[in-house]
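Nothing in this text is a laboratory measurement; each read-out follows from the coordinates by a stated rule. Keep in mind the model is a prediction, meaning the values are calculated, not measured. Please note: Cβ atoms are built from the backbone with ideal geometry, for glycine as well, and neighbour counts cover all protein chains shown.
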Amino acid sequence: MKNIFKLDGKIAIVTGGAGGIGEALALGLGIHGATVVVSSRNQEAIDKVAKKITAETGNEAMAIASDVTDEKSVQNLVDKVVEKYGRVDILVNAMGMNIKHNAFDYPMEDWDKLFSVNVKGTMIACKAAGKVMQAQKSGAIVNLSSVRGIRGYTGGNTGYCATKGAVELITKALALEWAPSGIRVNALGPALVITPGTKHIAEDPKLAAKYAAAVPMGRIGLPEDMVGAVVYLVSDAASFVSGQTIYVDGGLTAA
Ligand SMILES: NC(=O)c1ccc[n+]([C@@H]2O[C@H](COP(=O)([O-])OP(=O)(O)OC[C@H]3O[C@@H](n4cnc5c(N)ncnc54)[C@H](OP(=O)(O)O)[C@@H]3O)[C@@H](O)[C@H]2O)c1
């Protein structure tokens, strides 16, 4: 039996690839054999991740800057990848942001900003890579949702929850529309993960204990916890899986 989790020969783009979760996913795809193209707006940050992937795996990795809210910029990213490698097999949309405000006072400029990155950005990246995948008649996409994509949360998260709910429905709708083109579209739904943006929680023992207590498995997630589900979803092991969200959340959404 062949190793159905191997990604050898596959070309992968990771948007948000220098983020806390994105870096782990980019490295994880590289470790499992993919040639990884890391992207975000910050060239210096993605260069570092690409160098790390090559150093740790011996595989080639590239860094191409792009802004997911700008269709031309994402098209340029995809065009460059196709120019260099001739295909795009995997897209992981690990970019994203949160802007928290009390719902009574939620500034609509921030609402638009959040939707622009999390929702429009997801669609723009899916569209650009999806067209290449359509021509190939194969491809696998993973969008980053959150446990907040299926559950409401207090603490100023109305906008974020709304964007992640949208990401989950974009994922399902594209899975249906693109299945005849051989493209699988799934999502990853993490609970809180310790990244540079959330490390203040891990560093505050009281806060860390509060978050950990809410998770049935009794701890907060790490970026490395996210890798297995994404490698599975983009590999041949998931060849009959589309339109799903895997919640990597220590059991949180089982309740
Ligand atoms: N950390 C958590 O606890 C957690 C839990 C559940 C879900 N998630 C989701 O997982 C994803 C990654 O989260 P994270 O914690 O790794 O976040 P992060 O560390 O803040 O990384 C976010 C990444 O997105 C990129 N990005 C932001 N705006 C962009 C834009 N307009 N164009 C291109 N790239 C852009 C950032 O790079 P630049 O700023 O350089 O562009 C960065 O690389 C997000 O979708 C997040 O909502 C996170």
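Here is a check on your reading of the model: is L188 assigned to a strand (DSSP E or B) and on the phi < 0 side of the Ramachandran plot? Judged against the criteria, L188 is a match. Please work out if A50 is more than 29 Å from W178 (Cα to Cα) and within 17 Å of the chain's Cα centre (by Cα). Yes. Note on the stretch 122-132: residues that are within 21 Å of Q244 (Cβ to Cβ), touching a helix residue (DSSP H, G or I) at 6+ places or on another chain (Cβ under 7 Å) and either surrounded by fewer than 19 Cβ atoms within 10 Å (Cβ to Cβ) or not small (G, A, S) (or both) amount to 3. Considering K2, K113, K10, K100, the condition of being closer than 22 Å to Q134 by Cα and either within 13 Å of the ligand (Cβ to nearest atom) or among the charged types (D, E, K, R) (or both) is satisfied by K10 alone.
Among the residues of the stretch 130-153, those identified as within 14 Å of the ligand (Cβ to nearest atom), touching a Gly at 6+ places or on another chain (Cβ under 7 Å) and in a helix (DSSP H, G or I) are V147, G149. The set of residues from the stretch 64-86 being more than 11 Å from the ligand (Cβ to nearest atom) and either of a type in the set (G, A, S) or closer than 11 Å to T35 by Cα (or both) comprises V81, Y85, G86. Residue count for the stretch 196-255 under the criterion of being among the small types (G, A, S), closer than 18 Å to L25 by Cα and assigned to a helix (DSSP H, G or I): the result is 4.
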